1. Sort out which residues of the stretch 28-73 are of a type in the set (S, T, Y) and on the phi < 0 side of the Ramachandran plot, and write them in order of number.
2. On the given criteria, is T61 surrounded by fewer than 17 Cβ atoms within 10 Å (Cβ to Cβ) and among the β-branched types (V, I, T)?
3. Which is farther than 15 Å from C211 by Cα, of a type outside the set (A, V, I, L, M), open to solvent by 40 Å² or more (accessible area, probe 1.4 Å) and touching a strand residue (DSSP E or B) at 6+ places or on another chain (Cβ under 8 Å), of T181, T159, T187, T174?
4. For the stretch 46-88, how many residues meet the condition of being closer than 22 Å to G106 by Cα and without any contact (Cβ under 8 Å) to a residue 12 or more places away in the chain?
5. Pick out the one residue from G127, G85, G111 that is farther than 21 Å from Q197 by Cα and either charged (D, E, K, R) or open to solvent by less than 50 Å² (accessible area, probe 1.4 Å) (or both).
6. Would you please name the residue that is surrounded by the most Cβ atoms within 10 Å (Cβ to Cβ), looking only at residues in the stretch 130-146 that are of a type in the set (S, T, N, Q) and part of a loop (DSSP other than H, G, I, E, B)?
7. Restricted to the stretch 147-156, and to residues that are among the small types (G, A, S) and not in a strand (DSSP E or B), which residue is most open to solvent (accessible area, probe 1.4 Å)?
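The values are calculated or read from the model by the stated rules, or taken from the named source; none is laboratory data. Computed from a predicted model, the values in this text were never measured in an experiment. Don't worry about glycine lacking a Cβ; one is built from the backbone with ideal geometry, like all the others, and counts go over all protein chains shown. Heavy atoms of the whole protein, side chains included, go into the accessibility calculation; ligands, DNA and RNA do not. Shrake-Rupley method; radii C 1.70, N 1.55, O 1.52, S 1.80 Å.
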Amino acid sequence: MLARAMSMMGIAVLAGALLSVGGVSSPALAAPFDQCESAFNVGGEGANCQVTVENFLNLDTRAESSTVTTLVCSGAANTVTTCAGEPTVQSFDVLTERVEQCNYSGEGGGGTLHCSVEMINTITGEGTTSAPTVNQCNNSFDSLPLPAGSACDPAQATTDATITQCNDSMNGGTQVSMNCTVGTSTTSSALPVTVNQCNNSVNGGGALLVCSTQITTLVLPADTDDEVADEGTGDDTVADDADVLAETGPTAVHAALGGLALALVLAGVGLLRARRPVQARRE
């Protein structure tokens, strides 16, 4: 009975060890995030579409995650310049590196389309930031000068740009206004991102288009455990053991499990001997 129990215990220990060492999690992949694509194409319709992406990347541990917050409002033209309501929040265990928003939308004529993308990238580890490349306001507004109250800042045409917006849009005639901006955005080659927004949109005539993209990249110093190690908490020993297992791979794990099984067998033998009745010695 004891031998059977020990055998079952060994199997359980082996299975648990193999699962903990060899198990691989399968993260839910975050596809390019789409919002308000090919939408609101009825004449006189208005919409306000908002996306906020928060990316987190640790260059030392390769840990990554993202949170995407969205909000959409629609109604008659000029009635949704601001958007109230409860936003939708989604979390992913991978980065959200691309946003597609308000492309091929607002084509009905006499409509208004407000679209905004804000992306905040937090990178832990070494890295530098720079201004993003931009491709915007090309082949738009019937190639006419923008009227008062309009803006296209900056007006650039860069192939495969980080931010591509307001191209081939507002070409329907008698348009009201077009405002397309990228703010004081910053990016990093350590976390490349892309925003495509308000392209091929609002070409129905007599409409208004307001699109903005803001990318903020924050670079934090790498984490360090030097102070913890100096306090003698034993973290160094744990880290060293983890390094040994990582270097030796399954061989070390199997050896450790073999030693554990042998210890269990010896313990069982000792227990059987202890339970054997002691007979009186005859003279």
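1. Once the filter is applied, which keeps residues that are of a type in the set (S, T, Y) and on the phi < 0 side of the Ramachandran plot, the stretch 28-73 yields T52, T61, S65, S66, T67, T69, T70.
2. Numbers: surrounded by fewer than 17 Cβ atoms within 10 Å (Cβ to Cβ): yes; among the β-branched types (V, I, T): yes.
In short, yes.
3. Testing whether each residue is farther than 15 Å from C211 by Cα, of a type outside the set (A, V, I, L, M), open to solvent by 40 Å² or more (accessible area, probe 1.4 Å) and touching a strand residue (DSSP E or B) at 6+ places or on another chain (Cβ under 8 Å) leaves just T159.
4. 1
5. Working: G85 fails: either charged (D, E, K, R) or open to solvent by less than 50 Å² (accessible area, probe 1.4 Å) (or both); G111 fails: farther than 21 Å from Q197 by Cα.
From the options G127, G85, G111, the qualifying one is G127.
6. S140
7. So the residue we want is A148.
Yes/no per residue for (1) charged (D, E, K, R); (2) within 24 Å of the chain's Cα centre (by Cα); (3) not in a loop (DSSP other than H, G, I, E, B):
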| position | (1), (2), (3) |
| --- | --- |
| V51 | no, yes, yes |
| D60 | yes, yes, no |
| S65 | no, yes, yes |
| T69 | no, yes, yes |
| N78 | no, no, no |
| T81 | no, no, no |
| E86 | yes, yes, no |
| Q90 | no, yes, yes |
